[in-house]
Structures are given as structure tokens and as C-alpha cells.
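I have placed the structure first, in the form of C-alpha cells, so that the comments after it can refer back to it.
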Amino acid sequence: MHRWWQIVMERCPLTLIDGRRVIAGDGIKISKEAEKMPGVKRLHQESDNSGKAPYIYGHHWGVIGILSGWVKKIFCIPLCAELHEGVETLRKFQQRAQPTVDAQAKVSVTSLMAAMAAAVVSALGKRCLLVARRLFCRGAGVCNP
């Protein structure tokens, strides 16, 4: 993964705002047919479409990407993705520290996205600007409603 980041940083025309690289974070819920598959969890589905079921069984992914391109065409290059819900055992196996909020361990979709973004920024070693949905900053206490 770090080699991929190095290739992107060296070869892609990265979008800059005030000298900072722009990274984007978002989550996606992918429906799965198998309820017993590792990491599959019952997930609430936010949708204005009344034809969709309110809950699905699936994986909830968090994804971080970096914006690249030119003035007329900007796109997002994925840097990393990880399962965010239903994988506590996997996190323990990988010996990953739990994210903290106000110096207390807190595992939530918001804290996991923030920890993933912090890891990317730290590994890139460059100043970055994170763009994410309001859901992520609201739970982290950085946005005012």
C-alpha cells in the first residue's frame, strides 16, 4: 500500500489548495447475500427511496482517496480502504490500536475514518486537507451544525 502511495505522489498531478494535497474520505455499504460471511453485519441503509429495505446485510467500507487531475477534470485516486464494522477480531489480530476521542478509546465509523485519514497523512508526510461528509466531522466534534 505504501508503494502505491509513493507511485501516486510521484506520477500524478495532485490537486493543491493553499499548498495542501486534498484527500477525500467516505464510506460505502456493500450488500452481501451471505449473512455468515466474515465481517458481514446488519446495516441501516439511509435512502430516500422507499423501495429499498431499511436494513441490509453487508460490509461497511471506509475509503480514503487523493484528488488528482487538472482544472477541467479532477478525479479521486483511492489510497486505502478498510472494513469499518463487524471486524473487531480482525483489528485485534492486526494489533491495531483503537482510535481515541478525548483520550478515551472509541470505536465508531467516525473515529475509524479519522484514524485512517491520520495514518494516510502521516505516511504521506505532506500537509493535507480532508474533505468528508458532514457525518464524519459531526461525530468527531470538529464541525458546528
Hits in region 132-145 (condition: surrounded by 14 or more Cβ atoms within 10 Å (Cβ to Cβ) and either part of a loop (DSSP other than H, G, I, E, B) or modelled with pLDDT of 70 or more (or both)) | ALA132
Per the filter on region 10-19, residues part of a strand (DSSP E or B) and under 16 Å from ILE77 (Cα atoms) are LEU14, LEU16
Name the residues in region 102-125 that are among the polar types (S, T, N, Q) and at pLDDT 70 or above, would you?
-> SER108, THR110, SER111, SER122
What number of residues in region 25-43 are within 22 Å of ALA81 (Cβ to Cβ) and loosely packed, with under 10 Cβ neighbours inside 10 Å?
-> 2
The condition from (1) surrounded by 12 or more Cβ atoms within 10 Å (Cβ to Cβ); (2) at positive phi that VAL22 misses is numbered (2)
Could you check region 20-76 for strands (runs of 3 or more DSSP E) lying wholly inside it with 1 or more residues that are of a type in the set (Val, Ile, Thr)?
-> 20-31, 55-70
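The values are calculated or read from the model by the stated rules, or taken from the named source; none is laboratory data. Predicted, not measured: the structure shown is a model, and the values here were computed from it. When we count neighbours, we look across all protein chains shown, and the Cβ atoms used for this are built from the backbone with ideal geometry, even at glycine.
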